[in-house]
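A short worksheet on the structure shown next.
The values are calculated or read from the model by the stated rules, or taken from the named source; none is laboratory data. All values reported here derive from a predicted model rather than from experimental measurement. Positions of Cβ are generated from backbone atoms using ideal geometry, with glycine treated the same way; all protein chains shown enter the neighbour counts.
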2 protein chains.
Amino acid sequence: MTHPVLVVGSVALDSVETPFGKADNVIGGSANFFSASASHLAPVRVVGVVGNDYPMHRLEPLIKRGVDFAGVETADGPSFRWRGRYRHDLNVAETLETHLGVFSNFHPKIPEQFRDAPFVFLGNIDPRLQLDVLDQVSEPTLVACDTMNFWIESRRPELLELLARVDAITLNDGEARQLTEHFNLIKAAKWIMDRGPRLVIIKKGEHGAFMFTPTSVFFAPAYPLEEVFDPTGAGDSFAGGFMGYLAHTGDVSEENLRRAVVYGSAMGSFAVEKFSVDRLLEIRPADVTRRVREFHRLVSFEAEIDA
Amino acid sequence: MTHPVLVVGSVALDSVETPFGKADNVIGGSANFFSASASHLAPVRVVGVVGNDYPMHRLEPLIKRGVDFAGVETADGPSFRWRGRYRHDLNVAETLETHLGVFSNFHPKIPEQFRDAPFVFLGNIDPRLQLDVLDQVSEPTLVACDTMNFWIESRRPELLELLARVDAITLNDGEARQLTEHFNLIKAAKWIMDRGPRLVIIKKGEHGAFMFTPTSVFFAPAYPLEEVFDPTGAGDSFAGGFMGYLAHTGDVSEENLRRAVVYGSAMGSFAVEKFSVDRLLEIRPADVTRRVREFHRLVSFEAEIDA
């Protein structure tokens, strides 16, 4: 029943400072957060690149969870490193340094045995590379992509080309506004759907996430946490939960997509409880199930009553 | 079955400019928005003050809807007027002018026939006056209050005294943070509950509203509107829907409180579709029911499935 999910993205090292502490050179990058999250639900195949300085042994816990790094090549040079800081408002990351390293010459090569993955997530990389990946996979059931302000500015034509070829996009509210030049998120979502994707997921950080389809809107709040320790990777963990749940069930019906958004929100809420992928590697199936139930209770009410 | 609800607040005149147009000297103030909203669900009794310049005939549509203005005295002098502007981000009101007028010498006098109202809403006025009102009512089932940054700064002791005497408080996220000095809203809600109210409703504007009780959290998103025309009065319309629904049902169980929050959100979403109370006066019971159902569909998913 469970299908594999393929992710292309960064396998990086993060250095993060939050009001609660700091962590140096910990496992980070979109592909790692995605994998740590999705691996709770489906086998994960990763495509990416690391420098020859990357501490590969630290990926062991992920490999044990069924994450296959056969698509991650090692190139001469330094790994992708990001250094950032969050202050009081944990919704806003301040990037202090970004060193692309070997990532700047990255050309994704999908291993033969990865190409039939029915669920494909194109992490936040150059849209030209995201398009490259699409040329290498064979008729997936559902392809989702992520993007960011940098690509919206510098690779708009390629991004629009990509939109025409994906089923779904996840992006945050600021990016949706920047891409579409609509402040209103419903209008922004319609603009995007007009260009290809039939699913638009707009993430609002601590304010939850919308999923728009041509005929419906679904909203899932962020899980209200008393301590958000480190928001890094929340978006990719969300994507991992979403895609992982779809791969797990093989079902892309509206009802199941809604549940997938909630699984995404649940995994995102775990990710921010500790630095790096630490919390995602710690949780067990019962934790995930419990949190999904808590999400249900958080929003549930009966519309009909006669009092 | 339906019980009356008493509101104390401002009966004002607003002049508002939004990206979509402007309106001068239209019906405004917390008591008017509350009443226009709550009157869809329960009889409303208003206590307030207007100047002798107030266009009383413009309250006729509210009176026809069962709003009793017998507690609104007319004083010598100008009515309370507010002039404000919203730019692109409709979450942020820019106050251009506030003229308290006769409101600055307001001392609420609750008419004898109003004192037994089982549901009481203390709109955003001086906490000393809110306390005055509580001294004049007889054992209501549920008392809720609103407040704002100005009172949090200038009347903190009285506001704390008030908290010890109310069942519920509605305030926005910024106010909750200012009052409690907790950035995290769960912590802020706990801080408030420790001081009296067993219900804390924190409104986040377009990002929805939380209801905290000592044992639960409920979240209702804001209704995703393609056009938010004028956000003025959304909070008071929310309160009107919330209190009106409680008064309508006479039921303060957790399940019914959740539904009341959704009715609040529904009424808030109507309020912002036109200037002043215009849209609230236009809608019919079927519109309200339909929107509550749409809210249900917006958040609904099944947590349990075996695929």
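General remarks:
- The listed residue being closer than 30 Å to B:GLU181 by Cβ, surrounded by fewer than 20 Cβ atoms within 10 Å (Cβ to Cβ) and not small (Gly, Ala, Ser), out of A:ARG155, A:ARG115, A:ARG85: A:ARG85
- Just one of the listed residues (A:ARG284, A:ARG279) is over 15 Å from B:PHE219 (Cβ atoms), touching a Phe, Trp or Tyr at 6+ places or on another chain (Cβ under 6 Å) and of a type outside the set (S, T, N, Q), and it is A:ARG279.
- The helices (runs of 4 or more DSSP H) found entirely in segment B:148-212 that carry 1 or more residues being within 14 Å of another protein chain (Cβ to nearest Cβ) are B:173-180, B:185-193.
- Cβ-Cβ contacts under 6 Å between residues 6 or more apart (or on different chains), taken from a first residue in segment B:51-65 that is under 22 Å from B:PHE106 (Cβ atoms) to a second residue that is part of a helix (DSSP H, G or I) and among the polar types (S, T, N, Q), are listed as B:LEU62/B:SER35.
- Where B:VAL288 falls short, out of the listed (1) more than 10 Å from every other protein chain (Cβ to nearest Cβ); (2) over 21 Å from B:HIS3 (Cα atoms); (3) surrounded by fewer than 24 Cβ atoms within 10 Å (Cβ to Cβ): (2)
- Residue under evaluation B:PHE103, criteria (1) buried (at least 21 other Cβ atoms within 10 Å of the Cβ); (2) farther than 25 Å from B:ARG83 by Cβ, criterion not met: (2)
- Checked against the criteria, B:PHE80 does not count as surrounded by 12 or more Cβ atoms within 10 Å (Cβ to Cβ) and modelled with pLDDT under 95.
- Checked against (1) on the phi < 0 side of the Ramachandran plot; (2) charged (D, E, K, R); (3) surrounded by fewer than 17 Cβ atoms within 10 Å (Cβ to Cβ), A:ASP146 meets all criteria but (3).
- Residues of segment B:115-135 satisfying the condition of being touching a helix residue (DSSP H, G or I) at 6+ places or on another chain (Cβ under 9 Å) and free of Cβ contacts under 8 Å to residues at least 40 places away in the same chain: B:ARG115, B:ASP126, B:PRO127, B:ARG128, B:LEU131, B:LEU134
- Single residue of segment B:239-272 satisfying the filter (more than 13 Å from the chain's Cα centre (by Cα) and under 17 Å from B:GLY29 (Cα atoms)) that is nearest to the other protein chains (Cβ to nearest Cβ): B:VAL272
- Members of segment B:104-147 found to be over 19 Å from the mean Cα position of the chain (by Cα), of a type in the set (D, E, K, R) and either modelled with pLDDT under 95 or assigned to a strand (DSSP E or B) (or both), listed by number: B:GLU139
- Test: B:THR215 is over 23 Å from B:ARG128 (Cβ atoms), more than 14 Å from every other protein chain (Cβ to nearest Cβ) and of a type in the set (Ser, Thr, Tyr): no
- Of the criteria (1) modelled with pLDDT under 95; (2) more than 25 Å from B:ASN184 (Cα to Cα), which one A:GLY244 fails: (1)
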